[in-house]
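The values are calculated or read from the model by the stated rules, or taken from the named source; none is laboratory data. These numbers come from a predicted model, not from an experiment. Neighbour counts run over all protein chains shown; Cβ positions are idealised from the backbone, glycine included. Surface areas here come from the heavy atoms of the whole protein model, side chains and all, with no ligands, DNA or RNA. Shrake-Rupley method; radii C 1.70, N 1.55, O 1.52, S 1.80 Å.
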Amino acid sequence: MVNILFIEDDPAVAEAIMLGLNRLGHTVSHRPDGNTDFDDALLAADLVLLDLGLPGADGYEICRRIRTRSAIPIIILTARSDDIDTVAGLEAGADDYVVKPASPRVLDARIKAVVRRSAPTTPPTETLPAAETFGDLKIDRASLKIHKAGAQLTLTPTEIRLILALTQNPGLVLSRQQLLSAAWDQEYLGDSRIVDAAVQRLRSKIEDDPAEPTFIETVRGFGYRFNSQPR
Amino acid sequence: MKPTWLRVDGLRTRLVLVFIAIVVIIAGATAGAVSLMARSWIYSNAQDVATAQFRDEVLSLNGEHVDGITPTSMASVFPDDMTVIVDGDVVQLGSANPSAIPPSFSNGLVSPKLLRFERLDSEHIMLGLSINLTDTSSAPGGKDQTLVSAVAIRPLVGVQDKFDNLLGVVALTLTLGVLVSGLLGFWIASTLVRPLKRLDDAASRAADGDLSVRLPEDGVAELAQLTTTFNNMVARNEAVINELKESEEQSRRFVADVSHELRTPLAALVPVSEILSEEIPNLPPDTATAARIVSSEITKLTRLVEDLIEMSRHDSQQARLVLDNIDLVSLTERTLESRGWSDIVELSAPQNISARVDSRRIDIVLANLVGNALRHGSPPVRVELSTEPGYAVIHVIDHGPGISPEYRQAIFRRFFKVDTARGRSEGSGLGLSLTVENVRLHGGSIDVDQVDGRTVFTVRLPLN
C-alpha cells in the first residue's frame, strides 16, 4: 500500500483514477490545483501523482517546487504525449512519466516500481569501499550521502542510483540502456530520454558549470562516462 | 582541395594567365622587331667603321713610289693583313686567302679607288680596293703606273657584345613586364571576382538556412539583375519557410490539443472500464452484458485514439526518432515478454544484433506484426532475426491462410482490412500503417510474402 498525493484538476479523471487505485489497496488524497501548500500533505505521502495542465501553478513548476524541499518520488500523469513534454517533465525532477489514459493496473505497477527504486538500497557492507573522492565530490556508498566541496547534496533516489552506477565504473562508457538497467530496476522500453533528463538534473547539482560538465561526459552516439579526475 | 586562386579553372587564375599572355605576345613581338632592327643597325655601323678605315689606309698609299712590284717592296707599304694582288699575282699574302676570294669580288677590283666589300659571317667582312702605285724600277718610257689590289678580311668590332647586351635588356624588360602584368592581372581579377565571392558567400549562408541574408543592390552594374533575382529568391524562400513553420506549429498544436482532449475523457473511462470488467461476475446478466460491451468498446476506442494520435503525429512531421544503440535481440525478447507472448512465439536469433534505432518505435513495429500474426494467422508464429550487409532483418512468420497477392500492398493502407467477415471486431486497421511509418522513419523497408504456405513479413532496418 502506498500513500499517494494525487494532484489533478479534472474531477471525473480524479475520481475514476482514485477509484481504481483505492481498489488496488492504495490510499489516495486528492488536490485539485497547484496553489495549495504541500507541506503537510507531502509529509504524509509516499509518492506524488501529478497532472501537468493545472489551474494556478503549472505541473512542471509544482514538480520543481516539491524538488526544492523533498526527494519524494514523483510520477507525472498527463494527457500530453509530446517528446518535449516528457523530457521537460523528467528534467523538472519527475521519476516517471505516464501518458493518460493509463489502466489502474499499469499505474499500480509504475507506482510500485518507483517506490521500490526509492527505497534505500542496503547492499552488503563488506563489499563497500570507504567513501570515495573524485575531485571535490565525495561519495559514500554505505550511507548514500553525496558531498560536494564539503556540503551534502540533496539528491533524489533516482539521481543517487545514477551517480552510484556511473562512479562504480569511472572512465568506462555506459550506454543509456546499461544505465537504465542499473539505475532503474525495470525495463523502460524506449525511454532512454529518462536517462538524459536524469543526467541533466544530476549535472546541475554536481558540476561547477553544468553547461561545461567535467564529471559526467557525454560520449556522442554511445552514452555517458564518469571522469574520476575532472579538470 | 586547392584554394580557388590556385585552380587553373578559377576565374582569377584565368584572368591572370590572359593578362600575362597578352603582355608576352605584345611585348615579345615588339622586342623581336626592335631587336631585328637594332641588329641591322649595329652591323651597318660596324661595317661603316671597317670600310672607312680600310679605305683610308689604302687610299693614303695611292700614287706611292715603290722600287719594283715585289713581295719585299710591298711589305713596307701595305699593312700585313692585306693580300696584295697585281695582275692576278699575289705579291703579299694577308688575311684573305686568294683562292677563297670569289671571282665576282676580284673582277670588281678593276677600277681604282672603288671599294668593294662582302660580309662573310656575323663578325667578319671582306674588303677590297685598287690603287695605282708608281714603280721606280721600270725602264724609262715603260709603264710607271701599276694597278695594285689590296684585299683584307677584317672583324666587325663589338657587334656580338652589343647584340648580347641588347638581348639581355629585352629579356629583363620582358620578365619585368610579365611580373607586373601578373600582379596587375591578379589585382584586377580580384576586383572583378569580389562581387562574385560575395554572391557565393551569400548563397552558402542561404543554403545553410540563414534566410536573412541579402546582397547590396548598388554593387556591380552587370550583376544587378542577378543580385535582384537572388534577393527575391531568398525573400520568397524565407516567406515559404515561415509559412511552413507556422503551419507545422499549428499542426503540432492541433495534434497536441486533439490528443489532450481525446485522452482526458479516456483517462476517466479506462479505470472505470477496468472496474466494470472486474465486477462482471457479480452483476445481473443484462447489466453484465452491458458492462462487457462498454468495457470492450472503451478498450478499442483507447487503441483507436492512440493509433490516430500517433498517425497524425507522423502526418504532421512531428514523429521524431530517439536513437540509441540497441540490441535488437534483447529488445525483441522484452517485447514478447512484456506482452505475455514468450511462450507462444518462437524466437530464432543470433547472440545479439546491435543497431541504432528508436527502441520504442521498433517495439511498436514488432508488437504490431506479432500481434497481427497471432490474431489473423495460425500457430506456430515465429520471429527470426538476422543480418545482411548494412541491414538488420526481422522476419515475422505465421502458418495461417495467408494474404492473397492482390491485397499484399493494400494491407499497409490505413483502415484496410483483408477479411471483411472480421468486420470491426478486431483492431483499428491502423496498426500496419503505423508499422510502415515507423520503419520508414528509420530508413528501412517492409514487405510481405507467401513462402511455402507461410506468411512472412520482412522488415529491413539500416544498422547505422
- [ ] Out of all DSSP beta bridges with both ends in the protein assembly as shown, state the antiparallel percent to the nearest 5.
- [x] 75 percent
Open item on the list: If each DSSP helix of 4+ residues adds -39,500 (n - 2.57) and the sum is divided by the residues in chain B, what number results at 222 nm, nearest 500 deg cm²/dmol?
Closed with: -18000 deg cm²/dmol
Task: Where only C-alpha atoms are counted, convex hull volume of chain B per residue in Å³ - done: 309 Å³
Open item on the list: Residue by residue through the stretch A:77-93, what is 3J(HN,Hα) from phi via Karplus (6.51 cos²θ - 1.76 cosθ + 1.60, θ = phi - 60°)? Round to whole Hz and write x for glycine and proline.
Closed with: 10, 9, 8, 7, 10, 5, 3, 5, 5, 4, 5, 4, x, 5, 5, 6, x
TODO: Output the Cα-based Rg and Dmax of the stretch B:77-183 in Å, rounding Rg to one decimal and Dmax to a whole number.
DONE: 22.4, 86
Open item on the list: I'd like the carbon and sulfur percentage of the solvent accessible area for the stretch B:341-387, probe radius 1.4 Å, heavy atoms only, ligands and nucleic acids excluded.
Closed with: 43 percent
Task: Rg/Rh for the stretch A:137-225, where both radii come from Cα atoms and Rh is the Kirkwood radius - done: 0.94
Open item on the list: Rounded, prolate or oblate, given the Cα gyration tensor of the stretch B:8-102, with a/c below 1.5 counting as rounded?
Closed with: prolate
Task: B:Asp89 accessible area, assembled protein chains, probe 1.4 Å, Å² - done: 100 Å²
TODO: Hey, could you get me the Stokes-Einstein D for the stretch B:168-244, Kirkwood radius over alpha-carbon pairs, 20 °C and 1.002 mPa s, rounded to whole µm² s⁻¹?
DONE: 142 µm²/s
- [ ] State the percent of C-alpha pairs, over all pairs in the stretch B:220-361, separated by a distance greater than 24 angstrom.
- [x] 65 percent
Open item on the list: Just to confirm my numbers, what's the Cα centroid distance between the stretch B:314-383 and the stretch B:258-309 in Å?
Closed with: 27 Å
Task: Inter-chain shielding of A:213-223 (mean C-beta neighbours from other protein chains, 10 Å cut-off) - done: 1
TODO: For A:Ala149 and A:Asp208, calculate 0.36 nm times their separation in residues minus their Cα-Cα distance, and state this gained length in nm to one decimal.
DONE: 20.2 nm
- [ ] Determine one quarter of the surface area of the Cα convex hull of chain A, which equals its mean projected area, and express it in nm² to one decimal.
- [x] 12.9 nm²
Open item on the list: Can you compute 3J(HN,Hα) from phi for each residue in the stretch B:429-446, using the Karplus curve 6.51 cos²θ - 1.76 cosθ + 1.60 with θ = phi - 60°, rounded to whole Hz and x for Gly and Pro?
Closed with: x, 10, x, 5, 4, 5, 4, 4, 4, 5, 5, 4, 4, 7, x, x, 9, 9
Task: Within 10 Å of each Cβ in B:257-269, the average number of Cβ atoms from other chains - done: 6
- [ ] On each of the three principal axes of the Cα atoms of the stretch B:329-377, give max minus min coordinate, whole Å, ordered largest first.
- [x] 30, 21, 17
Open item on the list: Tell me the angle of helix B:224-279 to the major Cα principal axis of chain B, expressed in degrees between 0 and 90 and rounded to the nearest ten.
Closed with: 20 degrees
Task: Hull shadow area, averaged, the stretch A:44-117 [alpha-carbon convex hull, nm²] - done: 5.0 nm²
TODO: Would you calculate a helix-derived [θ] at 222 nm for chain A, using -39,500 (n - 2.57) for each DSSP H run of n ≥ 4 and dividing by the full residue count, to the nearest 500?
DONE: -11500 deg cm²/dmol
Task: Volume per residue that the Cα convex hull of the stretch B:126-216 spans, once the total is divided by residue count, Å³ - done: 132 Å³
- [ ] Using only protein heavy atoms and a 1.4 angstrom probe, determine the accessible area buried between B and A, summed over both sides, in Å² to the nearest 100.
- [x] 2600 Å²
Open item on the list: With a 1.4 Å probe and all protein chains left in place, how much of the accessible area of the stretch B:49-144 comes from carbon and sulfur atoms, in whole percent?
Closed with: 51 percent
Open item on the list: How big is the dipole moment of chain B about its Cα centre under a simple scheme where the beta carbon of each Lys and Arg is +1, that of each Asp and Glu is -1, and everything else is neutral? Debye, nearest 20, please.
Closed with: 1000 debye
Open item on the list: Which residue, B:Ser296, A:Gln168, A:Ser143, has the largest displacement toward the positive end of the dipole of the protein assembly as shown when charges sit on each Cβ (Lys, Arg +1; Asp, Glu -1)?
Closed with: B:Ser296
Task: Over the stretch A:38-175: Rg over Rh, Cα atoms, Kirkwood Rh - done: 1.01
Open item on the list: Need the per-residue list for the stretch B:301-347: every residue with at least 40 Å² less accessible surface in the complex of protein chains than in the chain by itself, probe 1.4 Å, sorted by number.
Closed with: B:Arg313, B:Val322, B:Asp324, B:Asn325, B:Arg334
Task: Gyration tensor over alpha-carbon atoms, the stretch B:303-362, equivalent ellipsoid semi-axes in Å - done: 26, 17, 7
Open item on the list: I need the P(r) histogram for the stretch B:154-207: all alpha carbon pairs, bin width 10 Å from 0 out to the longest distance, whole percents.
Closed with: 20, 21, 18, 14, 11, 8, 5, 2, 0
- [ ] Compute the separation of the alpha-carbon centres of the stretch B:174-204 and the stretch A:18-69 and state it in Å as a whole number.
- [x] 72 Å
TODO: Using the structure shown, select from A:Lys112/A:Lys205; A:Lys138/A:Lys205; B:Lys113/B:Lys162 the pairs with a Cα to Cα distance greater than 20 angstrom.
DONE: A:Lys112/A:Lys205; B:Lys113/B:Lys162
Open item on the list: Normalised radius of gyration for the stretch B:59-117, please: alpha carbon Rg relative to 2.2 N^0.38 Å, two decimal places.
Closed with: 1.12
Open item on the list: Helix A:157-168 against the longest principal axis of chain A: what's the angle in degrees, Cα atoms only, rounded to the nearest 10?
Closed with: 20 degrees
Task: Rg to Rh quotient for the protein assembly as shown, alpha carbon positions, Kirkwood Rh - done: 1.48
Task: For the stretch B:366-417, the spread of Cα positions along each principal axis, largest first, Å - done: 33, 24, 20
Open item on the list: Please compute the average number of Cβ atoms from other chains found within 10 Å of each residue's Cβ in peptide B:355-363.
Closed with: 3
Task: Largest-first ordering by accessible area, 1.4 Å probe, given options B:Val220, B:Val16 - done: B:Val220, B:Val16
- [ ] Determine how large the accessible area of B:Met126 is when every protein chain is in place; take a 1.4 Å probe and give Å² rounded to the nearest 10.
- [x] 10 Å²
TODO: Mind pulling the angle between the C-alpha long axis of helix A:193-206 and the longest principal axis of chain A? Nearest 10 degrees, somewhere in 0 to 90.
DONE: 60 degrees
Task: Calculated P(r) of the stretch B:220-273 - Cα pairs past 17 Å, % - done: 64 percent
- [ ] Calculate the tail of P(r) for the stretch B:258-338: the fraction of all Cα-Cα distances greater than 18 Å, expressed in %.
- [x] 62 percent
Task: Accessible solvent surface per residue of the stretch A:45-171, calculated while the other protein chains remain in place, 1.4 angstrom probe, Å² - done: 39 Å²
